[in-house]
Amino acid sequence: MITASRTPYPLQYSAGGDDSLTDRLVIRGKITGHSLVQINNFGGAGARTDKGILIIEAQPVITRRRTPSA
């Protein structure tokens, strides 16, 4: 569980192409509020990407209601 604070949640990555090494934060379940993150490059020289580098992924819970059949 991550709770909001004034201290950024640190993530590391190596700035490069689409296959760059990176920490990744995956949030599953109920997502509310906000928090700070700090992204730090640990030695990558940078490169063009086609898809970008996924660092934070949100996977909210989706609740579906069933409609009774007539």
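Where a number appears in this text, it was derived from the coordinates with a stated rule and is not lab data. Given the structure is predicted, the values throughout are model-derived calculations rather than measurements. Cβ placement follows ideal geometry from the backbone for every residue including glycine, while neighbour counts extend to all protein chains displayed.
Output the qualifying pairs, or none if there are none: Cβ atoms under 6 angstrom, residues six or more apart or on different chains, first residue in the range 16-41 and within 19 Å of Ile53 (Cα to Cα), second residue surrounded by fewer than 10 Cβ atoms within 10 Å (Cβ to Cβ).
These pairs meet every condition: Asp18/Asp50; Asp18/Lys51.
Cβ-Cβ below 9 Å, separation at least six or inter-chain, first residue in the range 45-58 and under 23 Å from Ile31 (Cβ atoms), second exposed (fewer than 10 other Cβ atoms within 10 Å of the Cβ): which pairs?
Listed by first residue and then by second, the contacts come to Ile56/Val26; Glu57/Val26; Ala58/Val26.
Any idea which residue in the range 37-70 is surrounded by the most Cβ atoms within 10 Å (Cβ to Cβ), counting only those that are under 12 Å from the mean Cα position of the chain (by Cα) and assigned to a loop (DSSP other than H, G, I, E, B)?
My answer is Ile53.
Would you please name the residue that is surrounded by the fewest Cβ atoms within 10 Å (Cβ to Cβ), looking only at residues in the range 14-36 that are under 13 Å from the mean Cα position of the chain (by Cα) and of a type in the set (Ser, Thr, Tyr)?
Once the filter is applied, the top-ranked residue is Ser35.
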